[in-house]
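The values are calculated or read from the model by the stated rules, or taken from the named source; none is laboratory data. Owing to the predicted nature of the structure, the values given are computational and were not obtained by experimental measurement. A quick note on method: Cβ atoms are made from the backbone with ideal geometry, for glycine too, and the neighbour counts reach across all protein chains shown.
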Amino acid sequence: MTVYLKRKRIVRNKEYHLFNLLVLVCVLALFLYAWSDIRVISCPYADAGIQCRTCGLTTSFKSLLHGNWPVPPGHLFLFMFFASQVVLRPLVSYLLTISSRPKLIRNVDLVVSGVMVGVAYWSLFWG
């Protein structure tokens with residue numbers, strides 16, 4: 001494959017590559033925040049004394065990042081979704097660069113990611 005074709009595929013999918021990069025950076029920032037001892041964001045529900053399904057999510061992520069188990073199943077599925085994005089975003093960008101069928105790859109990526117986030121949030125809120 002010539003360099004021209006690779007460059008054309010990168011340029012043609014530049015918005016999707018940018019999206020993948022932004023998702024990757026946000027997920028890595030989330031994991032860094034959960035892993036560190038810095039807490040600048042507080043839960044408005046907890047401040048008001050109201051229990052919600054997401055209370056303890058940061059603590060659960062921190063526990064999982066440090067190898068401590070168990071955590072609630074909903075928190076585990078959401079953590080697995082975010083962790084999978086660290087692998088999937090660069091992989092999808094790479095596949096878009098080398099593939100001759102980028103629309104198929106983008107559509108499969110959207111369906112798989114949609115199902116994964118649906119399962120993660122379903123188990124968090126209704127599990």
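Going residue by residue through the stretch 42-57, is there one that turns out to be loosely packed, with under 15 Cβ neighbours inside 10 Å, among the hydrophobic types (A, V, I, L, M, F, W, C) and under 27 Å from residue 90 (Cα atoms)? No, there is no match, as no residue in the stretch 42-57 is loosely packed, with under 15 Cβ neighbours inside 10 Å, among the hydrophobic types (A, V, I, L, M, F, W, C) and under 27 Å from residue 90 (Cα atoms). Does the stretch 62-78 contain at least one residue that is under 23 Å from residue 119 (Cβ atoms), of a type in the set (Phe, Trp, Tyr) and modelled with pLDDT of 90 or more? The answer is no, given that none of the residues of the stretch 62-78 is under 23 Å from residue 119 (Cβ atoms), of a type in the set (Phe, Trp, Tyr) and modelled with pLDDT of 90 or more. The C-beta contact set for the stretch 83-97 (first residue over 13 Å from residue 23 (Cβ atoms) and β-branched (Val, Ile, Thr), second residue assigned to a helix (DSSP H, G or I) and modelled with pLDDT under 95, distance under 6 angstrom, 6+ apart or interchain) comprises 97/9; 97/10. Just a yes or no: is a residue in the stretch 64-81 of a type outside the set (Asp, Glu), closer than 30 Å to residue 12 by Cβ, out of contact with any Leu (no Cβ under 6 Å at 6 or more places or on another chain) and crowded, with 17+ Cβ neighbours inside 10 Å? The answer is yes, given that some residue of the stretch 64-81 is of a type outside the set (Asp, Glu), closer than 30 Å to residue 12 by Cβ, out of contact with any Leu (no Cβ under 6 Å at 6 or more places or on another chain) and crowded, with 17+ Cβ neighbours inside 10 Å. Against the numbered list (1) touching a residue at least 40 places away in the same chain (Cβ under 8 Å); (2) buried (at least 18 other Cβ atoms within 10 Å of the Cβ), residue 60 comes up short only at (1). Do we have residue 94 as hydroxyl-bearing (Ser, Thr, Tyr) and at pLDDT 85 or above here? Criteria met by residue 94. The one condition from (1) without any contact (Cβ under 8 Å) to a residue 24 or more places away in the chain; (2) surrounded by 15 or more Cβ atoms within 10 Å (Cβ to Cβ) that residue 34 does not meet is (1).
Is there a residue in the stretch 37-51 that is without any contact (Cβ under 8 Å) to a residue 60 or more places away in the chain, of a type outside the set (Gly, Ala, Ser) and in contact with a helix residue (DSSP H, G or I) (Cβ under 6 Å, 6 or more places away or on another chain)? Looking for residues that are without any contact (Cβ under 8 Å) to a residue 60 or more places away in the chain, of a type outside the set (Gly, Ala, Ser) and in contact with a helix residue (DSSP H, G or I) (Cβ under 6 Å, 6 or more places away or on another chain), one finds none in the stretch 37-51, hence no.
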